[in-house]
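Below: the structure, in structure tokens.
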Amino acid sequence: MIGGLSVWVVMTLSSSFVTKSYFWLLVLLRALVGTGEASYSTIAPTIIGDLFSGAKRTVMISAFYIFIPVGSGLGYIIGSSVASATGDWRWALRLNPILGSLGLLLLAVLCPNPPRGASDAHGGSTIEHTSYLEDVKYLLKNKSFVWSSLGVTAMAFLTGALAFWTPTFLSRARVTQGIQPPCNTEPCDTSDSYIFGVVTVVTGILGVSLGSTISRRLRDRVPNADPLICAVGMLSSAPCFFFAIVLASTSIPATYVFIGIGETLLSLNWAVLADILLYVVVPTRRATAEALQIMVCHLLGDAGSPYLLGAISDALRTYQPDSHTWSFRSLEYSFLLCPFVGVLGGLFFLMTALYVTKDRKNAELLTAGVCDPVDPPTQFSAIAGSTDC
């Protein structure tokens, strides 16, 4: 984690000094930023899983994941403010590593390294470490992991597209309504980035807190409550984003209201999703599970969704390339893909709900040493009742 965060800090700072003629170098450095971030975010949740269990783990995971939307929102707020104050977006990338260096110091001084599965096995894991190939085979047979990973991918597609295009979309909506003139040269008005950042921070805190609270209260009564919460969050956010998109041409405030409601519903899932992975996967395979899930959700989700929406918008824009109104409409029509992906993600989480109880029990049996972690038997009767392992 220290290595990953160090790469993130150095690459972020370095990318701020790239000149216009070396755009390829900027792309490379930003890619390395993602590499450093992935190295950190793959391992960090598993350490929380090793330190805590049960309801306390849910609380701690919530505290960790609440900073995803908070950090994203602050990025818009601070980035737009710094860009406006200095007239150069590069200064936002020079300020960011200061916060990263503080995190690096705290990580080096305060973060423990507990044994894998310490909280589940009361002091140490009873499972032997297996090969990477065996871990992948195990995860692909874990239906809760597969379906929830597909749900996370749909969620990443949605959040990536929103994060990349919403400020531009709202800026074009203001031009269409005649509120502001079109901006052809930098620096442009960054007020929509600032407002969107504030909305993201507030809805992130509210959504993550609400999702983890509902999860803790329902889990004992409804065994598959967690994936159902995720499904409800995704399915309910879809119509909110649809209304936000279609209302942008007539009312910016109404658009922000529906974006806020949609982001709150979407944020219900962050901590709950992490908790699902931690309790359906045995401790020694959690880091691999996190890595695979992060790779898939970024590769098929937020890595491509901004480009896809932009490509659709560009294709539509060719019909009236000089029209500012059609520039807005082309992005609006491409944005309509997002609610449909949200519905698809909700269906993936409903599929997760069908298997999560069984897979959680299997993980508990494996952790307790009842099953062979490499080639578990099909059923147990004497020790584990009739539960599949």
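If you scan region 168-182, which residues turn out to be among the polar types (S, T, N, Q) and in a helix (DSSP H, G or I)? Selection gives THR168, SER171, THR176, GLN177.
THR352: part of a helix (DSSP H, G or I), open to solvent by 50 Å² or more (accessible area, probe 1.4 Å) and either under 17 Å from VAL146 (Cβ atoms) or out of contact with any Lys or Arg (no Cβ under 8 Å at 6 or more places or on another chain) (or both), yes or no? Taking the combined requirement at face value, the residue does not satisfy it. Look at LEU102 and say whether it is open to solvent by 70 Å² or more (accessible area, probe 1.4 Å), within 16 Å of MET1 (Cβ to Cβ) and under 24 Å from the mean Cα position of the chain (by Cα). Yes, satisfied. Taking the listed residues ILE2, ILE68, ILE43, ILE61, the one that is of a type in the set (A, V, I, L, M), in contact (Cβ under 8 Å) with a residue 40 or more places away in the chain and open to solvent by less than 20 Å² (accessible area, probe 1.4 Å) is ILE61, with no other qualifying.
For region 328-359, filtering for residues that are over 20 Å from the mean Cα position of the chain (by Cα) and under 18 Å from PHE164 (Cβ atoms) leaves 7.
Of the residues in region 75-90, not one is within 22 Å of the chain's Cα centre (by Cα) and open to solvent by 70 Å² or more (accessible area, probe 1.4 Å).
Once region 159-190 is narrowed to residues that are open to solvent by less than 40 Å² (accessible area, probe 1.4 Å) and without any contact (Cβ under 8 Å) to a residue 40 or more places away in the chain, the residue that is nearest to ILE78 (Cα to Cα) is SER171.
Picking from residues in region 26-40 that are touching a helix residue (DSSP H, G or I) at 6+ places or on another chain (Cβ under 7 Å) and within 22 Å of GLY204 (Cβ to Cβ), the one that is most open to solvent (accessible area, probe 1.4 Å) is GLU37.
Among residues of region 347-364 that are within 18 Å of ASN269 (Cβ to Cβ) and free of Cβ contacts under 8 Å to residues at least 24 places away in the same chain, none has a beta-carbon under 8 Å from a residue that is of a type in the set (S, T, N, Q) and surrounded by fewer than 18 Cβ atoms within 10 Å (Cβ to Cβ) at least six positions away or on a different chain. Here the condition is being touching a Phe, Trp or Tyr at 6+ places or on another chain (Cβ under 6 Å), among the hydroxyl-bearing types (Ser, Thr, Tyr), modelled with pLDDT of 90 or more and more than 30 Å from ASP314 (Cα to Cα); of SER144, SER119, SER149, it holds for SER144 alone.
The values are calculated or read from the model by the stated rules, or taken from the named source; none is laboratory data. This one's a predicted model, so the numbers in the text were calculated from it and none came from an experiment. Heads up, the Cβs are rebuilt from the backbone with ideal geometry, glycines too, and the neighbour counts pull from every protein chain shown. Heads up: the accessible areas ignore ligands, DNA and RNA and are worked out on the full protein's heavy atoms, side chains in. Shrake-Rupley method; radii C 1.70, N 1.55, O 1.52, S 1.80 Å.
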